[in-house]
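The values are calculated or read from the model by the stated rules, or taken from the named source; none is laboratory data. This one's a predicted model, so the numbers in the text were calculated from it and none came from an experiment. Glycine gets a Cβ as well: all are built from the backbone with ideal geometry, and neighbour counts include every protein chain shown. Heads up: the accessible areas ignore ligands, DNA and RNA and are worked out on the full protein's heavy atoms, side chains in. Shrake-Rupley method; radii C 1.70, N 1.55, O 1.52, S 1.80 Å.
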Amino acid sequence: MAADDGDPTNFAAIYDSSSPSHPLLSKPSTSALDSPRRSDPESDPTQFLQISYNFGPRTFKDIPFLLLFDLLVLSTFGFGIFSLFHRNSDYGSSSSFTYDFHSSSCVKNSTFTKISDGYHSSVMYGMVSSSDPVFEKDLIWTLVVTLILSLPFCFSVLLLLKHYTKQIVYACLPLFVLFPIFFNLYWFVACTLSASCSDALPLAYRILVLVFVFLIIGIIVWIIVANWHRIELTIQIISVASDALSKNLKLFVVLPLLTLGLVVYYVPIVVFLVFARFNGKFVPRELDSHYFCEWKEDSWVPAYYALAILTMLWSLAVMVEMQVYVISGAIAQWYFSKEDSVPKKCIRSSLRNAFGQSFGTICVSGLLICIVRVVRAIVDNAREENPQGIVNLVLRCCANALLGALDYLNKFTINFAAITGEAYCTSAKMTYELLRRNLLSAVFVETVSTRILTGIVFVLSAAYAVATWAVLRGVTNLGIDSYLVAILAWLLLIVVLAFFVHVLDDVIDTIYVCYAIDRDKGDVCKQEVHEVYVHLPISRSTRSSLIPNALNA
């Protein structure tokens with residue numbers, strides 16, 4: 001990128017000066033950009049002059065949603081414990097019950113119970129003993145080694161992105177295309193040479209799949225070419241985010257522990273769901289003048305399933321938003337700290353706020369995300385089952401518009417709440433006003449960084465999968481099963497690296513909000529961030545609304 005592009009004075013016609021001596025919120029009479037601000041009393045910038053990270057004590061926000069979430073969790077565990085102690089031990093033993101004509105009910109026959117138990121035990125033993133121990137051993141060891149290596153692998157990628165971002169990006173860009181081409185040609189040739197694969201997949205179908213994959217590769221090439229002018233800016237954004245993340249390495253310990261905590265939290269709920277099915281009894285049923293015994297669940301069991309599933313979905317969304325909150329709090333403390341100092345216990349304070357005063361705000365954000373995901377899944381499923389009809393088309397358009405509005409509302413809200421400690425609705429409004437006042441987009445315009453990071457993850461994990469396959473072919477006798485083990489190792493590593501990309505994306509969004517706060521105050525807390533983020537495009541809607549005012553001035 002040209003050197004003159006990094007000078008903030010070149011953007012004076014669009015942005016106010018970023019110098020502290022000339023604050024962004026000053027109102028010179030000759031400025032055309034201040035006309036819409038004076039005409040809109042609701043966007044008075046003076047009410048947001050003191051936006052910064054709230055290091056002081058915070059108050060509890062969004063308490064009703066906090067109480068609602070706690071009520072759902074307590075109800076799920078309460079009814080789950082009840083189902084555990086109220087279960088019927090005869091569940092699954094329908095053959096041991098016979099219809100008694102004298103009492104008009106189902107009566108248990110103890111003889112069938114022993115036979116049934118012995119039969120099920122022998123079946124389970126046969127299923128376990130029929131598995132291949134060699135394949136299982138190699139698979140388990142490969143996945144364990146991959147999981148152990150994934151942590152230093154992530155650290156290595158972070159350090160490389162911090163110090164050699166440009167080299168890594170330009171080295172991986174050709175591989176975004178070459179790797180898919182290699183795998184596409186490799187499977188085609190291998191399937192052609194294999195008699196079993198050729199019989200299962202005729203030549204016409206193989207050619208069709210080959211051409212389809214090449215079309216996808218062509219789309220990837222088009223995306224790279226269309227966004228080539230933004231590569232340099234993306235490289236700088238990734239470098240800044242990697243540097244910020246490297247100053248908070250404890251996040252790589254805290255975030256997996258939060259995920260592990262969610263898994264531990266899920267375990268008893270899953271157990272409760274299993275034992276909830278055991279609540280019921282055998283009832284007689286007539287079919288073609290014959291009576292037999294059928295298991296009937298208690299009437300409250302389906303309602304408990306709905307309650308438990310809703311609690312699990314909301315808890316998952318809450319955990320995702322809590323991770324974003326912790327990341328945003330830690331990164332914001334680093335951003336607003338002094339140049340040469342790293343704040344102590346920043347992650348601990350973010351965790352304390354997340355599980356304390358701001359937990360209700362996180363519950364609100366998680367509930368909205370949960371609703372959006374569920375409704376979107378329902379809309380997609382309805383589109384696949386019944387795509388015909390103008391009514392369905394209108395309903396889908398309305399649903400997509402509503403879901404888009406919720407996504408628009410939720411964008412950056414939890415980041416802002418982590419910085420200021422405000423309630424959800426207040427944070428959403430203040431974030432929108434903050435970005436609009438400073439001519440920034442309320443939807444982050446820099447999406448190329450996510451695509452490039454995803455491509456880097458694919459390239460690195462694919463290279464690891466190829467190396468794993470080569471090692472397995474050399475030291476084991478798995479044969480064709482080595483492909484399956486290598487694919488599973490690739491999937492495991494790509495999941496871990498995708499989590500790393502997710503964290504880095506949250507860091508980029510947090511720095512974006514912090515940069516907007518800096519611009520709003522006319523301050524520069526991190527000069528290296530301003531030198532990069534100043535090149536981001538301004539909001540198109542704001543730009544179009546300012547052009548007539550500039551002409552009239």
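Here are a few things to note about the model shown:
- Counting only lysines at least 8 places from LYS166 when in the same chain, those with an alpha carbon closer than 22 Å to its own are LYS247, LYS526.
- Eligible lysines near LYS411 by straight Cα distance, threshold 20 Å, same-chain separation 8 or greater: LYS61, LYS429
- If you plug the beta carbon distance of ASP407 and PHE183 into 1/(1 + (r/R0)^6) with R0 = 22 Å, you get a FRET efficiency near 0.05.
- Surface accessible to a 1.4 Å probe, THR450 within the full protein complex, Å²: 50 Å²
- A 1.4 Å probe, protein heavy atoms only, puts the accessible area of TYR164 near 120 Å².
- For the stretch 409-523, the equivalent ellipsoid derived from the Cα gyration tensor has semi-axes of 44, 13, 10 Å, listed largest first.
- The stretch 190-249 versus the stretch 476-513: alpha-carbon centroid distance in Å: 15 Å
- For the stretch 140-286, the average shadow cast by the Cα convex hull is 17.9 nm², which is a quarter of the hull's surface.
- Under 5 Å between amide hydrogens, built in the peptide plane, is the criterion, and for GLY280 it picks out ASN88, ASP298 among residues at least 5 positions away or on other chains.
- Note on ARG348: accessible area is roughly 140 Å² with a 1.4 Å probe, heavy atoms of protein only.
- Most tightly packed first, judged by the mean number of other beta-carbon atoms within 10 Å of their residues, the peptides 175-187, 453-465 read 453-465, 175-187.
- Equivalent ellipsoid dimensions for the stretch 497-538 as semi-axes, Å, which come from the Cα gyration tensor, largest first: 22, 10, 9
- Sites ARG396 and THR454, calculated FRET efficiency, Cβ-Cβ separation with R0 41 Å, nearest 0.05: 0.90
- Accessible-area rank, largest first, for ASP481, ASP518: ASP481, ASP518, with all protein chains present and a 1.4 angstrom probe.
- Taking Lys and Arg as +1 and Asp and Glu as -1, the other residues whose beta-carbon sits under 15 Å from that of VAL144 total -1.
- Peptide ranges 324-337, 143-156, 268-281 listed from the most packed, as the mean C-beta count within 10 angstrom indicates: 324-337, 268-281, 143-156
- For the stretch 410-425, putting each phi into the Karplus relation 6.51 cos²θ - 1.76 cosθ + 1.60 with θ = phi - 60° gives couplings of 7, 5, 6, 5, 5, 5, 5, 5, 5, 7, 9, x, 7, 5, 5, 5 Hz, in residue order, rounded to whole numbers and with x for Gly and Pro.
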